[in-house]
Amino acid sequence: MAASSCSASRRTGPEPRPGAGTQREDSDIDLVVIADDFSGMDYWQRIGLLSDAIYEVFKPIEAVAMTRAEWEKGESFIAEIARNGEVVFAA
């Protein structure tokens, strides 16, 4: 997946949510990657693609891949949490 095909990505940390833990030096980064390129891919294909990219960064990242339609539908617990996160890239 080319970076230019990604419509947005969100980082849901490090701001702690009420009831959530406090960010520490060893905390991971929660990331939602939104791209229509994920359409037609199953969960494991998406995870495989993200894992390759995460391996290159070599940081503790918890990533979720969604299509724009899945994001807009908002039926995911992850999507709801991520809406309160910080946009780190948007095309």
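Rule-based calculations on the coordinates, nothing more; no lab input. Please read all numbers here as calculations on a predicted model, not as lab measurements. Virtual Cβ from ideal backbone geometry, glycine too; neighbours counted across all protein chains shown.
Structural remarks
- Cα gyration tensor category, rounded, prolate or oblate, for the range 34-86 with a/c compared to 1.5: oblate
- Sequence of D26, D36, D42 once ranked by neighbouring C-beta atoms within 10 Å, starting from the fewest: D26, D42, D36
- Proxy reagent accessibility, fewest Cβ within 10 Å first, across E70, E75: E75, E70
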